[in-house]
Amino acid sequence: MQPEFESLVTLKKAIAEKKVSAVDAVTAYLERIGQHDESIHAFNELYGDYAMQRAAQVDAGQITGKLAGVPIAIKDNLCTPYGHTTCSSKMLANFKAPYMATAVGKLEAEGAIIIGKTNLDEFAMGSSTENSAFGMTKNPWDTTRVPGGSSGGSAAAMAADFAAATLGSDTGGSIRQPAALCGVCGLKPTYGKVSRFGLVAFASSLDQIGPFTRSVEDAALLMDVICGHDPKDSTSANLPASDHTLELHKPIENLRIGIAKQYMAEGNDPAVTKAVEDAIEVYKSLGATIVEVDLPHTEYGIPVYYIVATAEASSNLARYDGVHYGHRTEKPEDLYDLYAASRAEGFGDEVKRRIMLGTYALCSGYYDAYYNRALKVRRLIKQDFDKAYEQCDAILCPTTTGVAFKAGDKTDDPLAMYLNDVYTVNANLAGIPGITIPAGLSDDGLPVSIQLYGNAYEDAKLLRIAQMFQTATSHHTLRPKLG
C-alpha cells in the first residue's frame, strides 16, 4: 500500500486494521512533500516531529478515534498552540496562538495528525493565492497557473497528494473555487454548522470552515467530526449533531435538480458549460427530475458581497494596530505613526484595498447608501434560494467561469479577480451549503468541476446528492502527474 495515494476512508481503515502503520503513513506524506512542495509551495509550515510523535502514539494504542493516524493539513488561518498562525501575512509572521481552533481540536480528539499549515491569500482575501506574503502557491496540474484562492494551499496540497484531507475556510468561495481549479472535492457547510472559534476572522457573517478531500465520502466523514454546536462561538447553530455518513450511499428517490438560467451565462468557458450539461444527463440517468428555478437577484451577489465582506474586514482587522500583537514598526515618531506605519508595513496591497473599501462603506453618511442597502439585498438573495428549494432538492451550477488561469493574468485588475467568485459568493450571503466536485478535464488537461447548492442545514442531503454523481462517474479519481 502507498498511503499517500489512498482515500481518507481507506487509509483510516488500513491503519485501524494495522495493514499500515501511522508512522509509515506520516513518513510517506512528509517524503512526498519534501520531494515536490518546493515547486508548488502548498505549505507555510510543517510539523514533522510533532506528527511523528503522534503517529507513534497511534501505533502504540495511546491515541484512538475515527481518524486515528490520518495525516491532515490545515489552512494557516486556523489557530493552534503549536507552530505559527500567520494568515500568510507579515502582520502575523511570528504569531503563536495561545489556543486551539475548535475544528482542529475535534480532528485531534479523533486521532487525526496535523502535519502542517497551508498557504493562503493574505487574511483569506483573494482568489488566486498570489497575495501571500510568503510567495504564491502553484497549481499542481500546471505550475504556471494559479490554484485558486484563498485556500489555494489546501487545495493544491490535496491535489498533489500531500495529505489525506485538508481544511480551508470559505468566505465567498475560498474552498469551492480552488477545489474546482485543482480538481478535488471542496465543501462549504451551512453557516453555523462548524465552529468558527479559532479561525482568524475575515468577514464574520460569511466565514465558514470546511474540508478538501478526494471524494464526497471523505468529506462526509470529516463533517461528522468537525461539525456540532460550540458555546465558544456565538454563531454556532445549537442543533443536534448530524450524521453525514449514515445514508450517504443511499440514492435519493424522486430527486429534483434545479437549474438557474442566471448561472448558465454565455461567458462561461465551453468546458464549464459542457461539464454542467453532462452532469444534468448523469442525474437524469439516475432518475432525477430537472426543474428550472429562478434566482433573480444573482447579479447583485458580487457588489453585495464586496460591501458586506469588506465592511466586516475593516472592523475585524482594526485590532492589528501595532500595540496588542502582530507586527509593530520599529521606530515610530508618535502614537499616530505607530498605528499608521505598523499597518502600512504589515498589510499587503489587497488587504489594504479591502480595509479602505469597507471603512468607506461604513463611514457616516455612506452607511445607509452602501452597507445597509447591501444587507437588504442580501436578504432578497436568501429569499430567492428559499423559494427555489420549494421546487428542488439541490441547485446544479458551475463553480467557476473557466479553468485555472495563468499566474499574473489578473493581478493588475482587481475587478476581474473579484469576478472569479461570481458563482460562489451567493451561498455565503445566504448561509447555505455548497459543494464542488470534479467533473473531468478541459481540452488543455485542466480540471473542470460542477457545484451543487443545498438548503440550509441539509448538508447531509447535499452530500448524498453529490455522492450519487460520484458513484456514476470517475472524475474524482484523476490526479496530476508531478515532475
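The values are calculated or read from the model by the stated rules, or taken from the named source; none is laboratory data. Being a predicted model, the structure only gives us computed values, none of them experimental. Every residue, glycine as well, gets a Cβ built from its backbone with ideal geometry; the counts of neighbours run over all protein chains shown.
Annotations for the structure displayed:
- Among the residues examined, L335 does not qualify as in contact with a Phe, Trp or Tyr (Cβ under 7 Å, 6 or more places away or on another chain) and either among the hydroxyl-bearing types (S, T, Y) or modelled with pLDDT under 95 (or both).
- Filtering the stretch 160-192 to residues that are outside any loop (DSSP other than H, G, I, E, B) and either among the hydroxyl-bearing types (S, T, Y) or surrounded by fewer than 24 Cβ atoms within 10 Å (Cβ to Cβ) (or both) leaves T166, S169.
- Test: residue in the stretch 299-321 that is exposed (fewer than 15 other Cβ atoms within 10 Å of the Cβ) and more than 26 Å from the chain's Cα centre (by Cα): no
- Counting the residues of the stretch 86-108 that are surrounded by fewer than 23 Cβ atoms within 10 Å (Cβ to Cβ), in contact (Cβ under 8 Å) with a residue 40 or more places away in the chain and either outside the structural domain of A164 (by TED's automatic domain parsing) or assigned to a loop (DSSP other than H, G, I, E, B) (or both) gives 5.
- Residue selected from the stretch 388-409 under the condition assigned to a loop (DSSP other than H, G, I, E, B) and over 21 Å from the mean Cα position of the chain (by Cα), by the criterion surrounded by the fewest Cβ atoms within 10 Å (Cβ to Cβ): E390
- Scanning the stretch 252-291 for residues that are in a loop (DSSP other than H, G, I, E, B) and either of a type in the set (F, W, Y) or crowded, with 17+ Cβ neighbours inside 10 Å (or both) turns up I252, L255, N268, A288.
Residue by residue, here is whether (1) among the acidic types (D, E); (2) more than 15 Å from A101 (Cβ to Cβ); (3) modelled with pLDDT of 95 or more holds:
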{"site": "G198", "(1), (2), (3)": "no, no, yes"}
{"site": "S204", "(1), (2), (3)": "no, no, yes"}
{"site": "P211", "(1), (2), (3)": "no, no, yes"}
{"site": "L222", "(1), (2), (3)": "no, no, yes"}
{"site": "P240", "(1), (2), (3)": "no, yes, no"}
{"site": "L248", "(1), (2), (3)": "no, yes, yes"}
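- Residue check for T235: assigned to a loop (DSSP other than H, G, I, E, B) and either free of Cβ contacts under 8 Å to residues at least 40 places away in the same chain or at positive phi (or both): no
- The set of residues in the stretch 36-71 being under 18 Å from P140 (Cβ atoms) and in contact (Cβ under 8 Å) with a residue 60 or more places away in the chain consists of H36, D37, S39, I40, H41, A42, F43, N44, L46, P71.
- Some residue of the stretch 227-238 being within 20 Å of I465 (Cα to Cα) and surrounded by 22 or more Cβ atoms within 10 Å (Cβ to Cβ): yes
- Qualifying residues in the stretch 16-73 (those that are among the aliphatic types (A, V, I, L, M) and touching a Phe, Trp or Tyr at 6+ places or on another chain (Cβ under 7 Å)) - the one farthest from I209 (Cα to Cα): I33
Listed here are the residues, each with its yes/no results for (1) among the hydrophobic types (A, V, I, L, M, F, W, C); (2) assigned to a loop (DSSP other than H, G, I, E, B); (3) modelled with pLDDT of 95 or more; (4) more than 15 Å from G105 (Cα to Cα).
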| site | (1), (2), (3), (4) |
| --- | --- |
| M1 | yes, yes, no, yes |
| T10 | no, no, yes, yes |
| Y29 | no, no, yes, yes |
| R32 | no, no, yes, yes |
| Q57 | no, no, yes, yes |
| A73 | yes, no, yes, no |
| T80 | no, yes, yes, no |
| H84 | no, yes, yes, yes |
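- Selection status of S342, polar (S, T, N, Q), in contact with an Asp or Glu (Cβ under 7 Å, 6 or more places away or on another chain) and not assigned by TED's automatic domain parsing to the domain that holds K96: yes
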